[in-house]
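The values are calculated or read from the model by the stated rules, or taken from the named source; none is laboratory data. All figures in this text were calculated on a predicted structure; none of them were measured in a lab. FYI the Cβ positions are ideal-geometry reconstructions off the backbone, even for glycines, and counts take in every protein chain you see.
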Amino acid sequence: MILEALNYAATWPLTSAGHRPFIRSSVNLWARANRCRAAWTEHEQRTKAAILEAAEGCRQKRTVVVLGSGLLRDVPIAELSQLFDTVVLVDLVHLANVRSWLKVKGLKNVRLIERDLSGIEALLAGEVLEPLSFLRQVPYLDLVVSANLLSQIGIGVARRLGGQPAEDDRMRQVVAAHVEGLADLPAKTCLVTDVSYTVIDRNGVEHETHDLLHGINLGSSSAHWDWPVIPFGEESRDYRIVHHVVAR
Ligand SMILES: C[S@@+](CC[C@H](N)C(=O)[O-])C[C@H]1O[C@@H](n2cnc3c(N)ncnc32)[C@H](O)[C@@H]1O
């Protein structure tokens, strides 16, 4: 709790006013990731492996952009920093502990950008959704990674819209805009995302499954696995929640 408060306080002055409301959820994610370290390890390693495979497949390795870089738990940042001339990390918030870690490691070619990647403002204004169009301005872009971000975008937008089921269509638009935005880029892309979650009891009985992508089909994937996001004891003694993840 004290470490969380310190991380929150240290991140505050480093974050623009508009993004400060997101610090709390990043700190909460950091705390949960630490508590669930053992359960999340395989997912983090598989995500890193998918990103590295995409990186190694790039003919040129000038600039890589990582969307949803967050805590850098599932991003092979040291390897990307070695392989590419420039690494750009984009997230709503870059926590103070992540910034310090990058400094300590001396990863001098890493740049941080605070940005909302959901396109919510355009959605609310009734404008065309092009949340990734800013990437067209990035010079020498060879790889764009979406690192376990896509489902979170949908969740954040649902929260802003009040979580009404009738809003499903707007969430579908947001998810589709991210997928189409990646497809339109003049660079190789690597999308890793959880696509659904299932609530499972101690007898292995599956109680409910939810589609995190609101009906958007990602097509074929190069790898897929389960991520036990909420193990027994994290939220309930009797249930765990497992997310299904795909990489492509
Ligand atoms: C599940 S975490 C991804 C973990 C991260 N790749 C890591 O290695 O720690 C989702 C990340 O997406 C970010 N995020 C959620 N909604 C976002 C949005 N609308 N724009 C930008 N980043 C967002 C969160 O801040 C969080 O860091």
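Among the residues of segment 154-173, is any polar (S, T, N, Q), at pLDDT below 95 and out of contact with any Cys (no Cβ under 7 Å at 6 or more places or on another chain)?
Residues of segment 154-173 that are polar (S, T, N, Q), as a first pass: 164, 173.
Adding the requirement that they be at pLDDT below 95 leaves 164, 173.
In the following step, the residues that additionally are out of contact with any Cys (no Cβ under 7 Å at 6 or more places or on another chain) were identified as 164, 173.
Checked segment 154-173: at least one residue is polar (S, T, N, Q), at pLDDT below 95 and out of contact with any Cys (no Cβ under 7 Å at 6 or more places or on another chain).
Go through (1) at pLDDT 95 or above; (2) outside any strand (DSSP E or B); (3) touching a strand residue (DSSP E or B) at 6+ places or on another chain (Cβ under 9 Å) and name the single condition P139 misses.
Single failed check for P139: (1).
Can you find, within segment 227-248, the residue that is surrounded by the most Cβ atoms within 10 Å (Cβ to Cβ) among those that are in contact with a strand residue (DSSP E or B) (Cβ under 9 Å, 6 or more places away or on another chain) and free of Cβ contacts under 8 Å to residues at least 40 places away in the same chain? If you could, list the steps in order and put the result at the bottom.
Initially, segment 227-248 is screened for residues in contact with a strand residue (DSSP E or B) (Cβ under 9 Å, 6 or more places away or on another chain), giving 227-236, 238-248.
Cutting the leftovers down to free of Cβ contacts under 8 Å to residues at least 40 places away in the same chain gives us 232-233, 235-236, 238.
Numbers: F232: 16, G233: 11, E235: 13, S236: 13, D238: 11.
Among those residues, the one meeting the criterion is F232.
What residue, of V88, V64, is under 21 Å from H178 (Cα atoms) and out of contact with any Asp or Glu (no Cβ under 8 Å at 6 or more places or on another chain)?
Exactly one residue qualifies, and that residue is V88.
Is one or more of the residues making up segment 204-214 part of a loop (DSSP other than H, G, I, E, B), in contact (Cβ under 8 Å) with a residue 12 or more places away in the chain and in contact with a strand residue (DSSP E or B) (Cβ under 7 Å, 6 or more places away or on another chain)? Quick ask: steps written out before the conclusion?
Step one: filter segment 204-214 for residues part of a loop (DSSP other than H, G, I, E, B), giving 204-205, 212-214.
Now drop any that are not in contact (Cβ under 8 Å) with a residue 12 or more places away in the chain, which leaves 212-214.
Retained after the next criterion (residues that are in contact with a strand residue (DSSP E or B) (Cβ under 7 Å, 6 or more places away or on another chain)): 212-213.
Yes, that holds for at least one residue.
Run down Q137, Q173, Q152 and say which single residue is farther than 26 Å from A49 by Cα, within 16 Å of the ligand (Cβ to nearest atom) and polar (S, T, N, Q).
Values: Q137 fails: within 16 Å of the ligand (Cβ to nearest atom); Q152 fails: farther than 26 Å from A49 by Cα.
Unique residue meeting the criteria: Q173.
When residues of segment 101-124 are filtered for being acidic (D, E) and either within 10 Å of the ligand (Cβ to nearest atom) or in contact with a Gly (Cβ under 9 Å, 6 or more places away or on another chain) (or both), how many remain? Steps first, answer last, please.
Keep residues of segment 101-124 that are acidic (D, E), which gives 114, 116, 121.
Pick out the ones that are also either within 10 Å of the ligand (Cβ to nearest atom) or in contact with a Gly (Cβ under 9 Å, 6 or more places away or on another chain) (or both) and you get 114, 116.
Adding up the residues that qualify gives 2.
Which members of segment 140-149 meet the condition of being under 18 Å from the mean Cα position of the chain (by Cα) and more than 11 Å from the ligand (Cβ to nearest atom)? I'd like the intermediate steps shown before the answer.
So in segment 140-149, the residues under 18 Å from the mean Cα position of the chain (by Cα) come out as 143-149.
L143, V144, listed by residue number.
Does segment 51-61 contain any residue that is modelled with pLDDT of 95 or more, closer than 28 Å to E180 by Cβ and within 12 Å of the ligand (Cβ to nearest atom)?
yes
Any residue that is more than 17 Å from the chain's Cα centre (by Cα) and surrounded by 15 or more Cβ atoms within 10 Å (Cβ to Cβ) - is there at least one of those in segment 190-197? Outline the logic, then answer.
First pass over segment 190-197, keeping only residues more than 17 Å from the chain's Cα centre (by Cα): none.
Within segment 190-197, not a single residue is more than 17 Å from the chain's Cα centre (by Cα) and surrounded by 15 or more Cβ atoms within 10 Å (Cβ to Cβ).
When you scan segment 48-65, do you find a residue that is over 14 Å from D142 (Cα atoms) and among the polar types (S, T, N, Q), even just one?
No, segment 48-65 contains no residue that is over 14 Å from D142 (Cα atoms) and among the polar types (S, T, N, Q).
From the list L95, L80, exactly one residue is farther than 23 Å from N7 by Cβ, within 13 Å of the ligand (Cβ to nearest atom) and among the hydrophobic types (A, V, I, L, M, F, W, C). Which is it?
L80 is the lone residue from the list that is farther than 23 Å from N7 by Cβ, within 13 Å of the ligand (Cβ to nearest atom) and among the hydrophobic types (A, V, I, L, M, F, W, C).
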